[in-house]
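Trainee: Take this structure first; my questions come after.
The values are calculated or read from the model by the stated rules, or taken from the named source; none is laboratory data. Being a predicted model, the structure only gives us computed values, none of them experimental. Neighbour counts are summed over all protein chains in view; Cβ atoms, including those assigned to glycine, are modelled from backbone coordinates with ideal geometry. Only protein heavy atoms, including side chains, enter the accessible area calculation; ligands, DNA and RNA are left aside. Shrake-Rupley method; radii C 1.70, N 1.55, O 1.52, S 1.80 Å.
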Amino acid sequence: MPKSPLGVEPRTLNTDVAPRHSAVEDVLGILTGTLLASFGLFLLKASAAVTGGTAGLALLLSYAAPVPFGVFFFAINVPFFALALWKKGWNFTLRTVIAVALVSAFSSLHPYALGIEHLNPVYGVLFGNLVIGVGLIVLFRHKASLGGFNILALLLQERLGWRAGYVQMVFDVTVVLAAITVVAPLNVALSAAGAIVLNLVLALNHRPGRYLGT
């Protein structure tokens, strides 16, 4: 590169550094991510389907017992909050606790805001998982998650370089297969397809080094 007339090397733009998210951006991002994820879960529940991870376990339990999904979802995630605190620190853990609490709350609001008399289960399951995947990406990019297997997947991605989406897919398919004891076989098959859609969204859009914002 030629020197400037004064003999000083010209300054170049450092494209490896991106500005950090502001507090307002983090708040709006977490609200957006949790609203999207809870809406996707609402579509799954309206389709009598499940998904993977702790959300899938919470859906299964909500079908088997007269307890709201949000209650199960938050309770199941409590042990994973301790794991997040141990491995990821207070900042990530606090954001994750808030995100899980918001999804639990929003999941109780959607049925009152949206009255669905008929929902095609194929549409509900596939689109629901797609929306959940987008919501998770938003949360990941604002240093939060929905707890559970998401925390394990993120840890394995950071420590071993395994893509979070593929790791999550293994966990999710296991949970979906367990749903055969509660959900109709056709809905289990749709749920498995939906879990693949969700984790492909994560695998294709959440890669180490692709997103520079923090």
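Trainee: Consider only pairs whose beta carbons are under 7 Å apart and that are at least six residues apart or on different chains; among these, list those whose first residue lies in the range 68-89 and is of a type in the set (Phe, Trp, Tyr) and whose second residue is modelled with pLDDT under 85 and surrounded by 18 or more Cβ atoms within 10 Å (Cβ to Cβ).
Mentor: Phe80/Gly147; Phe80/Gly148; Phe80/Ile151; Phe81/Gly147
Quick grid of which residues meet (1) touching a residue at least 60 places away in the same chain (Cβ under 8 Å); (2) among the hydroxyl-bearing types (Ser, Thr, Tyr); (3) more than 22 Å from Ala195 (Cα to Cα):
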{"residue": "Thr96", "(1), (2), (3)": "no, yes, no"}
{"residue": "Val103", "(1), (2), (3)": "yes, no, no"}
{"residue": "Ser107", "(1), (2), (3)": "yes, yes, no"}
{"residue": "His110", "(1), (2), (3)": "yes, no, no"}
{"residue": "Leu114", "(1), (2), (3)": "yes, no, yes"}
{"residue": "Glu117", "(1), (2), (3)": "no, no, yes"}
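Trainee: Given the conditions (1) at pLDDT below 85; (2) buried (at least 17 other Cβ atoms within 10 Å of the Cβ); (3) of a type outside the set (Gly, Ala, Ser); (4) assigned to a loop (DSSP other than H, G, I, E, B), report the number of the one that Lys88 does not fulfil.
Mentor: Evaluating Lys88 over (1) at pLDDT below 85; (2) buried (at least 17 other Cβ atoms within 10 Å of the Cβ); (3) of a type outside the set (Gly, Ala, Ser); (4) assigned to a loop (DSSP other than H, G, I, E, B) leaves (4) as the failure.
Trainee: Here is a check on your reading of the model: is Ala195 at pLDDT 80 or above, open to solvent by less than 40 Å² (accessible area, probe 1.4 Å) and closer than 11 Å to Gly52 by Cβ?
Mentor: Yes: the conditions hold for Ala195.
Trainee: Within the range 52-62, does at least one residue satisfy the condition of being closer than 20 Å to Thr181 by Cβ, surrounded by fewer than 23 Cβ atoms within 10 Å (Cβ to Cβ) and out of contact with any helix residue (DSSP H, G or I) (no Cβ under 7 Å at 6 or more places or on another chain)?
Mentor: no
Trainee: Look through the range 141-150, keep the residues that are open to solvent by 20 Å² or more (accessible area, probe 1.4 Å) and either touching a Pro at 6+ places or on another chain (Cβ under 8 Å) or not in a loop (DSSP other than H, G, I, E, B) (or both), and return whichever of them is modelled with the lowest pLDDT.
Mentor: Looking at residues that are open to solvent by 20 Å² or more (accessible area, probe 1.4 Å) and either touching a Pro at 6+ places or on another chain (Cβ under 8 Å) or not in a loop (DSSP other than H, G, I, E, B) (or both), I get Phe149.
Trainee: Taking the options Ala153, Ala101, Ala105, name whichever one is surrounded by 19 or more Cβ atoms within 10 Å (Cβ to Cβ) and over 12 Å from Gly33 (Cα atoms).
Mentor: Ala153
Trainee: Has the range 116-128 got any residue that is open to solvent by less than 60 Å² (accessible area, probe 1.4 Å) and within 14 Å of the chain's Cα centre (by Cα)?
Mentor: So far as the range 116-128 goes, yes, one or more of its residues are open to solvent by less than 60 Å² (accessible area, probe 1.4 Å) and within 14 Å of the chain's Cα centre (by Cα).
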